[in-house]
Amino acid sequence: MEKYLDILEIAIYGSAVALILIGLYGALTKKSLIKIVLGLSIMDSGIHLMMIALGYLKGGTAPIFSKGFENSADQMVDPIPQALVLTAIVIGFGVTAVALSLVIRLYRHHDTLRIDEIKNLKW
Amino acid sequence: MSIMEIIGSFLVIVGSIFLFLGALGIYRMPDLYSRLQAGTKATTLGAMSVILGVGFWEPDWFLKLLVLVVFIGYSNPLSSHAMARAMFKKKIFPWTKEGGVDAYKEVIEPTGEKQES
Amino acid sequence: MIFLITVLLILLLMVGAAIYAIVQKDLLFAVIASGVISLILSILFLILQAPDVALTEAAIGVALTTIIFIITIRNTVRYEDERNKKKKQKNVKKLAK
Amino acid sequence: MNSQPTHLQPLSTQTKVSRFLMNWLLLTIVWIGFTGTFDLHELLTGIVVAGILSFMAIRIFTCCDLALLAPKKLFYLGKFIVVFLVALVKSNFDMARRVLSPALPINPGVVKFKSQLKSNFAKMVLANAITLTPGTLSIDVIDDTFYIHWIDVKSADPEVAFKEIAEDFENLLIKIF
Amino acid sequence: MKKYIVLGLLAVLGYYLMSIFLLVDFGLPHFAHGVKDVYLSSSKNILKVSNAVTAIVVNFRGFDTLGEVTVLFLSATAMSGILYKKRHDIGERSILFPASSIIRSGAKMLFPSITLLGIYVFIHGHLSPGGGFQGGTIIATGFLLMLLTYQNYSVSHNRLVWVESVAGMLFVIIGLAGYFMKGSFLENVLPVGELNDLFSGGVIGIIYVLVGFKVAAELIGIIYTILHEKG
Amino acid sequence: MEYIIYFALSIMAVALVFVAIRFIKGPTTGDRVIALDTLTTLGVSGIVLASYLFHRFIYLDVALVYGVLGFIGVIVIARYLEGAL
Amino acid sequence: MVGSPVLFVAIPLLAAFLIPLMGMIWKEFVRIIPGLVLAYMLVLSVSLIIYIQSHGTIVEVISGWGPPVGINLVFSPFSGALTTLMTFLGLLVWLYSHKFKRNVDYEPAKKYFILLMLMVTGSVGMVLTGDLFNMFVFIEIVSISGYGLTSFFVRRDSAEAAFKFLLMGAFASSFLLIGIMIIYTQLGTLNMAEIAQRMPQMDYHMKVFSLIFILVAIGVEAETFPLNGWAPDVYTQAPGPISAAMSGIVVKAAVYANIRIIYTMYDLQGAYEYLLIIGLITFIVAETAALKQERLKRMLAYSSIGQMGLAMIAFGIGTKEGVYAALFLMFSHAIIKSLLFFSGSYLVYNKTSKYIKHVNGMGKYLPITAFLFTLGAFAIIGLPPFMGFWSKLALLSAAADSNLVILVAVILVVSIVEAVYYLRVVNRIFFFKKRANTKPEKPTINAMIAMLSLAAIVLVIGFYPDLVTGLIERAADDLMDKGRYIGEILSKN
């Protein structure tokens, strides 16, 4: 795996960026509110992948000192991005849940999911 | 190579081939229910034998892998059953040859009319 | 090499699923595609040696995200451009008056 | 069309205790499987947790009681598992033959048959077993009628279908549960 | 038209993001004196926690976790505020009919095992991957299975509130205990034990168990709120 | 041993392609859900193989969680399609 | 020591988890406990402020690990002053909204007060924390409680405003994560002081990109110009006291974060000019937009954005006088704008649309409220005997000292615009006939107390500005002295 690291680098960073961009595209251009929320969550996924990839260490192993790995601290990947992503995933879930409940309420009042028809306020 | 490792290797290879066959079945079969059949059986056995094969390679892991196998063998048929029932309720009837039998259709639709979905 | 190709393949699959989720008009299929994204993402996290994150993504992405999206779809509409029939009828009535 | 859920029926005290102990045992085994070790601390924690859990889930988790541990039943259980595994492997080869042959030799249809099994759990096991055995997929169970999607229908007659599909399993299951 | 503008903007953004990331070497250490080594060595030697991520999440950056639990609590609260209804509407069932008897009995069998898996995940938070959030999520998913397959299955709202509040308060109280006994919030006040033993890590395991219960209760609350909503 | 794993991985990758095609093509929702289910099973096997490749016992937790929860994801969609939700 | 900064976060969270339980015992608890907690926070911050006068900045370490490893909270004169301001306003908002509209029911009241309390807590946490990722978590706490509070009234438009806020907030948090991650990969730390220390090692391009991402993210909360699309709608649709809390508490915290990042963490050359230009654009655009608004709260919202732009201009001047003026502006704006929102929401109480024309002739029916609104309007324009005058004077003199004459001219001209739209409302209140279908609602006694105390502050500081200038000067000193900030935190190790 080490030999092909530069291909893997481009591939993983590229797909993380692709996820971010696809999510942003969906959130910015799509008309359906659910699609917008979906785009946001895809964008979040891309960012999480990017964060984990930035913390990766070549030939490393997970930062867990389980049996047989007590002394391999210098081969371990960076644990901090993982902790941050853990927090970020849970926060993202909370935000998604709030967003979807807002979508339900908007639908209840407007009878549509199309964002260009929900225009009581100036956008 | 000990005997355990040989058994493990055999199981992994057979399992992966079955996984492949399951995927091929999903691709090739003509209608939903046949696909469900292929998908459930082949992938269940495939996953089970791959996992057990790894268990033979690494005997320390065997217990946990056994639990995993039991869970997979328990839950996979349930999910395909749920899916089959749901699709029947959506009035998507299986493809049959001329004069084929469809006993469940009468339960869903007593009049026997066919609707497009 | 084969490992690399597999990783590339699942990366491709993930990006494909993301595009599918955005392009697809049927929101239910989009949600299923986001389930696929979450599955592959979790495997990728494992390959990148982050089992904690993989576990979190698995636990949240498989059922919980799906259920809240699906309940939202149930409470609203399933297709992207669909309008509510009730509202249409209301408008028709208004026009008739 | 659907029978009312029967999961909240009152149980006698004896059954309750028996079921509680059985659950405790099963959950402890599952816990050992999860941890994968027989370390003392893990084992103690597992026993305590499984006890609490099975006490709390006593109305939910009602598959079986201590009677399952009788040697005869265990023997049949083992036999069932062997039969099942053989059928599973057979079914896979059957499936492989169908998938790989270019003509797709299939003749699908839905058949029904009646089963003698009483408890819901046994029906569930039978349905699962049917799903995993050659060419069949259980679609629904209404009361005691099974509706089976059969990829190669040999006969629409319930009796024949039952013989072909489920007889072996059911005989064993009746003895177990 | 808007689509093309957005596409253009995204292309620019993607170009810059990609060029930033390609400056960062993949799979190589990026910096000389990061805090990473401190975290790894002190989680192994001082805290005796084998999972360094858990050590970071619960101890070194435990404040973030407190905030995170609060975020979930807040989003549950905000959701029930957003989907507010008059009292008499709440009782209505939103699941129309139970699942087939096969799935019901299957779910019934599986539910204790799923809960056990969740408990396993959060009890072993400091030894293996996983922890409070993951375990809580798994338990909530198990409840979701029961809710979906049985029409009448329900958990008492008051019980959820109890579990949630008590677990959250105990988390803060453990933190305050660290503050009053050792001088800083969330500091470990218990003996740490041996590496790779179930009873190790002092207060970390306890906090993760509490987080697990709290997260489970909150997620079940979220599912309830959104499930009993009829659009 | 590694060669066997690589063989298994490559054959599973081909399987992945077939499943993906079915996912995109699948005329009904059911086909897509089957594809998701099969992907989950493939993923579980892949995770087990990967954790053998990395020699880490603890990675199996992820496979366990997927093996158990993947089923619930399918049930959720099935219940929605049934019209029960 | 009388307490510790960590109690600012721990006690409200404890109370928030306690409230649902206590609510089962006696329903009135859900109203009382948040008030007690906010009062406690106020007392704590005042006593800590007195403590740091003699003992110097408090750096509180969490979980026993020194700053680069663990998270730390910093209670410096700057953050302390802001904390005091925020907790004071939070207490007043609680007092004001004790029986406000839907709060009288149990369930809504529970949610309202929990969200309000945690919003204040999150803002205080944002100000106190010395860790970048911790700041992200607090920003999320503030945002989510903001979404919940914005859509608190079950009207059709409030959900729309909240969704708009949520969209921008979600983008912001994603961008903030990217920015934090870029900094982390380059410097290997998340502690703000250590980042500031190591910042010279960072690649120039990385520096610029991370700054852009972070500024975009925090700019959403801080209402900087292209990103403040949510603010008018949210201020219009949220309950009146919440609008006051948003403009007085949340935005202040975000501006603090913005300034802390630019002044302390980065050593980029163009950053001050960026602040100046962005602030100027925000100021001009917002004040011009406020001129043609038809709804009262929307007008106040634009005015609030404009004032934040003014504060940014003051920060962008970059001298110590500028920082002093900016802090003074933030302080006076928080007080005065809260007064305006409080009294304004009673002037248009019963109308969901909240048009300015609904205030016609209210002076006769609600004399005290109308008088307080007029007082606030005069103060925010900057008429001499009030508080706003001194802050604007400080800004103008700071700009003049730095030879930015054009800036002085622009500010003066735009201030006239400001005067026009505020005086228009005042004119309608006193000299127009009441519209037939609006019926006035008398403020409750709590609301009256809250408004009167704010007005008293406006007047007292207007006549004796020396009461606060000493404090603000020390805060400005603290902000300007970057080396001391780094030294104080890192020496704690």
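The values are calculated or read from the model by the stated rules, or taken from the named source; none is laboratory data. The structure displayed is predicted, hence computed values, not measured ones. Cβ coordinates were reconstructed from backbone atoms using ideal geometry, including for glycine residues, and neighbour counts include every protein chain displayed. Heads up: the accessible areas ignore ligands, DNA and RNA and are worked out on the full protein's heavy atoms, side chains in. Shrake-Rupley method; radii C 1.70, N 1.55, O 1.52, S 1.80 Å.
With the condition kept exactly as written, say whether any residue in segment D:89-105 is farther than 20 Å from residue B:37 by Cα and within 9 Å of chain B (Cβ to nearest Cβ). Even if it seems obvious, please write down each step before you answer.
Here is the first cut: in segment D:89-105, the residues farther than 20 Å from residue B:37 by Cα are none.
Checked segment D:89-105: no residue is farther than 20 Å from residue B:37 by Cα and within 9 Å of chain B (Cβ to nearest Cβ).
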Being closer than 30 Å to residue D:23 by Cβ, in a helix (DSSP H, G or I) and open to solvent by 10 Å² or more (accessible area, probe 1.4 Å) is the requirement here; does residue E:113 meet it? yes
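Return the only residue of E:69, E:53, E:49, E:58 being touching a Leu at 6+ places or on another chain (Cβ under 9 Å), open to solvent by less than 10 Å² (accessible area, probe 1.4 Å) and assigned to a loop (DSSP other than H, G, I, E, B).
On the way: E:69 fails: assigned to a loop (DSSP other than H, G, I, E, B); E:53 fails: assigned to a loop (DSSP other than H, G, I, E, B); E:58 fails: assigned to a loop (DSSP other than H, G, I, E, B).
Result: E:49 is the single residue among E:69, E:53, E:49, E:58 that is touching a Leu at 6+ places or on another chain (Cβ under 9 Å), open to solvent by less than 10 Å² (accessible area, probe 1.4 Å) and assigned to a loop (DSSP other than H, G, I, E, B).
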Scanning for something within 14 Å of chain E (Cβ to nearest Cβ), open to solvent by less than 10 Å² (accessible area, probe 1.4 Å) and over 25 Å from residue F:27 (Cβ atoms), does segment C:30-41 turn up at least one residue? no
With the condition kept exactly as written, say whether any residue in segment A:84-105 is more than 26 Å from residue C:21 (Cα to Cα) and assigned to a helix (DSSP H, G or I). yes
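Which one of these is open to solvent by less than 10 Å² (accessible area, probe 1.4 Å) and either among the hydrophobic types (A, V, I, L, M, F, W, C) or at pLDDT below 90 (or both): C:4, C:12, C:27, C:8? Walk me through it before giving the result.
Values: C:4 fails: open to solvent by less than 10 Å² (accessible area, probe 1.4 Å); C:12 fails: open to solvent by less than 10 Å² (accessible area, probe 1.4 Å); C:8 fails: open to solvent by less than 10 Å² (accessible area, probe 1.4 Å).
Exactly one of C:4, C:12, C:27, C:8 is open to solvent by less than 10 Å² (accessible area, probe 1.4 Å) and either among the hydrophobic types (A, V, I, L, M, F, W, C) or at pLDDT below 90 (or both), namely C:27.
Identify all residues within segment D:82-115 that are assigned to a loop (DSSP other than H, G, I, E, B) and within 23 Å of residue D:177 (Cα to Cα); write none if there are none. Please lay out each step first, then the result.
Within segment D:82-115, the first condition is being assigned to a loop (DSSP other than H, G, I, E, B), and the residues that meet it are D:101-106, D:108, D:115.
The answer is D:115, and nothing else.
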If residue B:69 satisfies every condition in (1) part of a helix (DSSP H, G or I); (2) surrounded by fewer than 24 Cβ atoms within 10 Å (Cβ to Cβ); (3) without any contact (Cβ under 8 Å) to a residue 24 or more places away in the chain; (4) facing chain D (nearest Cβ under 9 Å) but one, which is the exception? (4)
Residue B:87 is checked against (1) at pLDDT below 90; (2) more than 7 Å from every other protein chain (Cβ to nearest Cβ); (3) more than 11 Å from the chain's Cα centre (by Cα) and fails just one. What number does that condition carry? (2)
Residue in segment G:211-234 that is farthest from the other protein chains (Cβ to nearest Cβ), counting only those that are over 19 Å from residue G:140 (Cα atoms) and in contact with a helix residue (DSSP H, G or I) (Cβ under 6 Å, 6 or more places away or on another chain): G:225
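Being surrounded by fewer than 24 Cβ atoms within 10 Å (Cβ to Cβ) and within 7 Å of chain B (Cβ to nearest Cβ) narrows it down to one residue among F:24, F:4; which is it?
On the way: F:24 fails: within 7 Å of chain B (Cβ to nearest Cβ).
Being surrounded by fewer than 24 Cβ atoms within 10 Å (Cβ to Cβ) and within 7 Å of chain B (Cβ to nearest Cβ) holds for just one of F:24, F:4, which is F:4.
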Can you name the helices (runs of 4 or more DSSP H) wholly within segment D:116-177 that have at least 2 residues being crowded, with 19+ Cβ neighbours inside 10 Å and in contact with a Leu (Cβ under 8 Å, 6 or more places away or on another chain)? D:120-132, D:167-176
Any residue at all in segment E:12-30 that is within 11 Å of chain G (Cβ to nearest Cβ), in contact with an Asp or Glu (Cβ under 6 Å, 6 or more places away or on another chain) and open to solvent by less than 20 Å² (accessible area, probe 1.4 Å)? yes
Within segment B:11-51, tally of residues that are over 20 Å from residue F:14 (Cα atoms) and at pLDDT 90 or above: 0
In segment B:33-60, which residues are open to solvent by 10 Å² or more (accessible area, probe 1.4 Å) and among the aromatic types (Phe, Trp, Tyr)? B:56, B:57
Here is a check on your reading of the model: is residue E:200 part of a loop (DSSP other than H, G, I, E, B), in contact (Cβ under 8 Å) with a residue 12 or more places away in the chain, among the polar types (S, T, N, Q) and under 30 Å from residue A:65 (Cα atoms)? yes
Working only within segment D:149-176, note down all residues that are within 15 Å of residue D:134 (Cα to Cα) and out of contact with any strand residue (DSSP E or B) (no Cβ under 8 Å at 6 or more places or on another chain). D:154, D:163, D:164, D:167, D:168, D:169
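Yes/no per residue for (1) in a helix (DSSP H, G or I); (2) buried (at least 23 other Cβ atoms within 10 Å of the Cβ); (3) of a type outside the set (Phe, Trp, Tyr):
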| site | (1), (2), (3) |
| --- | --- |
| E:179 | yes, no, no |
| E:187 | no, yes, yes |
| E:204 | yes, yes, yes |
| E:218 | yes, yes, yes |
| E:224 | yes, no, no |
Can residue E:125 be described as under 27 Å from residue G:64 (Cα atoms) and open to solvent by 10 Å² or more (accessible area, probe 1.4 Å)? no
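Mind telling me which of the residues G:159, G:109 ends up being among the aliphatic types (A, V, I, L, M), over 30 Å from residue G:449 (Cα atoms) and either touching a Lys or Arg at 6+ places or on another chain (Cβ under 7 Å) or at pLDDT 90 or above (or both)? Spell out the reasoning first.
Working: G:109 fails: over 30 Å from residue G:449 (Cα atoms).
Exactly one of G:159, G:109 is among the aliphatic types (A, V, I, L, M), over 30 Å from residue G:449 (Cα atoms) and either touching a Lys or Arg at 6+ places or on another chain (Cβ under 7 Å) or at pLDDT 90 or above (or both), namely G:159.
Residue C:13 - would you say it is without any contact (Cβ under 8 Å) to a residue 40 or more places away in the chain and more than 14 Å from chain E (Cβ to nearest Cβ)?
Details: without any contact (Cβ under 8 Å) to a residue 40 or more places away in the chain: yes; more than 14 Å from chain E (Cβ to nearest Cβ): yes.
Considered against the rule, which asks whether it is without any contact (Cβ under 8 Å) to a residue 40 or more places away in the chain and more than 14 Å from chain E (Cβ to nearest Cβ), residue C:13 comes out as yes.
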Given the criteria outside any loop (DSSP other than H, G, I, E, B), closer than 26 Å to residue C:49 by Cα, modelled with pLDDT under 90 and in contact with a His (Cβ under 9 Å, 6 or more places away or on another chain), does residue E:130 qualify? no
So residue A:77 clears everything in (1) in contact with a strand residue (DSSP E or B) (Cβ under 7 Å, 6 or more places away or on another chain); (2) at the interface with chain E (Cβ under 7 Å from one of its Cβ atoms); (3) open to solvent by less than 10 Å² (accessible area, probe 1.4 Å) except one condition, right? Which one? (2)
Being touching a residue at least 24 places away in the same chain (Cβ under 8 Å) and closer than 24 Å to residue G:296 by Cβ: is that true of residue G:427 here? no
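Is one or more of the residues making up segment A:104-113 touching a residue at least 40 places away in the same chain (Cβ under 8 Å), facing chain E (nearest Cβ under 9 Å) and within 29 Å of residue E:79 (Cβ to Cβ)? I'd like the intermediate steps shown before the answer.
Going residue by residue through segment A:104-113, those that are touching a residue at least 40 places away in the same chain (Cβ under 8 Å) are A:106-107, A:113.
Of the ones still in play, those that are also facing chain E (nearest Cβ under 9 Å) are A:107.
Right, trim to within 29 Å of residue E:79 (Cβ to Cβ) and you get A:107.
Yes, the conditions are met somewhere in segment A:104-113.
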Close pairs from segment E:164-191: first free of Cβ contacts under 8 Å to residues at least 60 places away in the same chain and more than 7 Å from chain G (Cβ to nearest Cβ), partner part of a helix (DSSP H, G or I) and surrounded by fewer than 19 Cβ atoms within 10 Å (Cβ to Cβ), Cβ under 7 Å, at least 6 apart: E:174/E:206; E:189/E:177; E:189/E:181; E:189/E:182
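Tell me yes or no: at least one residue of segment C:32-55 is assigned to a helix (DSSP H, G or I), among the aromatic types (Phe, Trp, Tyr) and over 18 Å from residue A:20 (Cβ atoms).
Applying the first criterion (assigned to a helix (DSSP H, G or I)) to segment C:32-55 yields C:32-47, C:51-55.
Then drop every residue that is not among the aromatic types (Phe, Trp, Tyr), which leaves C:45.
Narrowing the set further to residues that are over 18 Å from residue A:20 (Cβ atoms) leaves none.
For segment C:32-55, residues assigned to a helix (DSSP H, G or I), among the aromatic types (Phe, Trp, Tyr) and over 18 Å from residue A:20 (Cβ atoms): absent.
Of everything in segment F:52-76, what is more than 7 Å from every other protein chain (Cβ to nearest Cβ) and buried (at least 24 other Cβ atoms within 10 Å of the Cβ)? Give them in sequence order. Step through it out loud before you land on a result.
Keep residues of segment F:52-76 that are more than 7 Å from every other protein chain (Cβ to nearest Cβ), which gives F:53, F:55.
Result: no residue meets the conditions.
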